[in-house]
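The values are calculated or read from the model by the stated rules, or taken from the named source; none is laboratory data. All values reported here derive from a predicted model rather than from experimental measurement. Cβ: placed from backbone, ideal geometry, glycine included. Neighbour counts: every protein chain shown. Just so you know, the surface numbers come from the protein's heavy atoms only, side chains and all, with ligands and any DNA or RNA stripped out. Shrake-Rupley method; radii C 1.70, N 1.55, O 1.52, S 1.80 Å.
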Amino acid sequence: MRNCFLKRFLQISSSSRFLNSSRRNKVSAPFIDKEGETAESLRENPGFSYGLNWGLAGKGVIVKDKAFQNLKSSELLAKGATIAGLPLHVRGTLGGNSTISKAQYSKLLKQVTTHMSSISNIFVHDGAIGLSPESDAKVRVISDSPSAIFSLSRVLWETPTRAVSHDSCPLTVYTATSISTAVEDIIGLGAQGNNGFIAADIERSSLILCGKAFADINGTKLALTALSEPVIFARGGLPLSARLLVSCDSVVLLFAPENAIQSYSDLLVSADAGVVLSPQGVAPLFQTKKLGGINPYRIPSAVILATSDSSGTIPSISKLSPGQAAYHFLAGYQNGEFVPAYYAKGSSYIGVLDLAKTLLSKVPTFLVNVDGGVENITGKDLVKLVTSEKVAPFRLKGGDLQRKYNAFLSYKFQDIPEEFSF
C-alpha cells in the first residue's frame with residue numbers, strides 16, 4: 001500500500017512543473033571543491049580557511065579578518081552571543097503580492113554584502129531544512145554576529161560540513177545585525193522600525209535578516225519555509241502544513257488548528273506546523289529536541305483531519321474513504337465556514353487537487369471533530385484509536401451540511417474528480 005502511495009507521489013513530484021522549479025533554483029558553485037580543510041587544521045588556525053573565504057567571496061562577502069564556521073553553542077557564547085527575545089516587526093516578500101521589488105532586493109543585497117565585507121569577523125553556519133539528504137534544502141547562514149548564528153543553529157538541522165558547498169541549489173541567509181537602520185530609506189522601503197526587518201527573494205534562494213530580525217523565530221521560519229519549498233519539491237519531497245504524532249511504531253500526520261493541538265502535546269514531535277514527506281519517510285521541517293535520532297520517521301500509517309463543528313452534525317471521530325478524505329481536505333470546514341485549502345497552507349508549488357489525490361489516495365484518513373466530544377482526548381488515545389479497527393465510517397447526524405459542502409466546492413473547484421464525494 002505504501003509503495004503504491006510513494007509511486008504516485010513521485011509521479012506528481014517529478015512533473016514538469018517541479019523540473020522547471022529545479023532548473024530555476026540551480027546555481028553555480030565555483031567553490032565546490034575548495035572547502036577541503038580538515039577539522040584539525042581549522043582548529044589549529046581558527047577563523048581562517050581558504051576554502052570558506054573563497055566560498056563567501058562567491059556570495060559577495062569578502063572576509064576582512066576571520067570567518068568562524070559551525071561553532072558549537074558554547075563557542076558562540078564565548079564569542080559574545082546573546083539570546084534576544086524582543087517582539088519584532090517583520091517585513092519582506094514571502095509569496096503573493098510582492099512588497100519588495102527585484103531592484104530593491106538587489107540593492108539591499110549589495111548594501112548588506114558591502115557592510116559585511118567591512119566587518120572584521122564573519123560567522124558562518126551550515127544547516128538544512130528537512131532531515132532526508134535526498135529531499136532536504138541545504139542552508140548557509142552568513143552573519144556579522146554570533147548571536148544570530150546561535151539562534152539560527154537551533155532552528156536548522158545539522159548537515160555535514162561540505163554538504164552546502166557541494167549542493168546544486170543551497171539557500172543563503174545573510175544576517176546583518178549591525179547594519180545601519182538607514183538602509184530601508186536607501187533602498188526605498190521606508191521606515192521599518194528600530195528592530196529590523198526580513199526580506200526574501202525566492203528566485204535567488206536568498207534571505208536577508210536586518211537588525212534584530214533573527215530573534216523573530218516564527219518570521220524566520222516562515223521565510224525559510226517559503227524559500228525551501230521549490231527546492232524540496234524539485235527533489236521529490238512534499239512540504240505539508242501538518243504535525244506529527246508518534247507513538248512507538250505508529251506515525252500519524254495531523255492537520256489541526258492551533259487551538260486543538262495542545263490536547264495532543266503528549267505525542268507531538270513539534271508544536272510547529274511543517275513537515276517534509278518523502279520516499280525516505282517524514283520529518284519536521286525544522287529542528288526539534290523530541291526527535292531522538294538523525295533519520296526521518298517511517299511513512300505515516302494514518303492521516304487525521306481535525307475539523308470544528310459544534311452543531312452535532314459531524315461525528316466526534318469517523319473514518320473517511322479516499323474520495324471523502326479529498327473532499328473534506330478541499331473544503332477545510334471550520335466552525336461553520338469553509339476555508340479553501342485550509343489543510344494545504346504553505347503548499348504553493350502543487351495544485352491543491354493534486355495534493356489531495358497524492359496525500360490521501362492510499363493513506364487511511366480520519367475526520368476528528370474537536371468540538372464534538374473529543375476535547376479531552378490525548379494524543380496517545382487518538383493514535384491508538386485511529387490505528388485500531390474500531391472507528392466507524394463517516395455518517396452525518398442530520399442537517400443540510402452536505403448541500404452546503406456540495407454548493408461551495410462546486411463553485412470553488414470547477415474540475416473536481418468524480419471520485420471525490422461527501
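Test P160 against the criterion of being free of Cβ contacts under 8 Å to residues at least 40 places away in the same chain and either closer than 23 Å to P296 by Cα or not acidic (D, E) (or both), and give yes or no.
yes
Among the residues that make up the stretch 264-283, is at least one of them crowded, with 19+ Cβ neighbours inside 10 Å and on the phi > 0 side of the Ramachandran plot?
Yes.
If R403 satisfies all but one of (1) loosely packed, with under 14 Cβ neighbours inside 10 Å; (2) part of a loop (DSSP other than H, G, I, E, B), what's the number of the condition it fails?
(2)
Taking only the stretch 375-390 into account, find how many residues are farther than 20 Å from L277 by Cα and open to solvent by 20 Å² or more (accessible area, probe 1.4 Å).
Total meeting the criteria: 11.
Take the residues of the stretch 326-349 that are modelled with pLDDT under 80 and touching a helix residue (DSSP H, G or I) at 6+ places or on another chain (Cβ under 7 Å): which is surrounded by the fewest Cβ atoms within 10 Å (Cβ to Cβ)?
Filtering the stretch 326-349 for residues that are modelled with pLDDT under 80 and touching a helix residue (DSSP H, G or I) at 6+ places or on another chain (Cβ under 7 Å), the one surrounded by the fewest Cβ atoms within 10 Å (Cβ to Cβ) comes out as P340.
Please work out if A148 is small (G, A, S) and without any contact (Cβ under 8 Å) to a residue 40 or more places away in the chain.
no
Could you count how many residues in the stretch 136-169 are small (G, A, S) and part of a strand (DSSP E or B)?
The total comes to 2.
Name the residue that is most open to solvent (accessible area, probe 1.4 Å), counting only residues in the stretch 285-321 that are in contact with a Lys or Arg (Cβ under 8 Å, 6 or more places away or on another chain) and at pLDDT 90 or above.
Per the criteria, the residue is Q287.
Could you tell me which of the residues S178, S120, S73 is at pLDDT 85 or above, more than 20 Å from G219 (Cβ to Cβ) and hydroxyl-bearing (S, T, Y)?
One residue alone meets the criteria, S120.
Go through the stretch 138-155 and give me each residue that's within 16 Å of the chain's Cα centre (by Cα) and within 18 Å of I217 (Cβ to Cβ).
Scanning the stretch 138-155 gives V139, L152, S153, R154, V155.
What are the residue pairs meeting all of these: first residue in the stretch 106-130, first residue farther than 24 Å from G188 by Cα and open to solvent by less than 40 Å² (accessible area, probe 1.4 Å), second residue polar (S, T, N, Q) and part of a strand (DSSP E or B), Cβ atoms under 6 Å, and 6 or more apart or on different chains?
F123/S143; V124/Q69
For the stretch 197-232, enumerate the residues that are at positive phi and open to solvent by 10 Å² or more (accessible area, probe 1.4 Å).
G211
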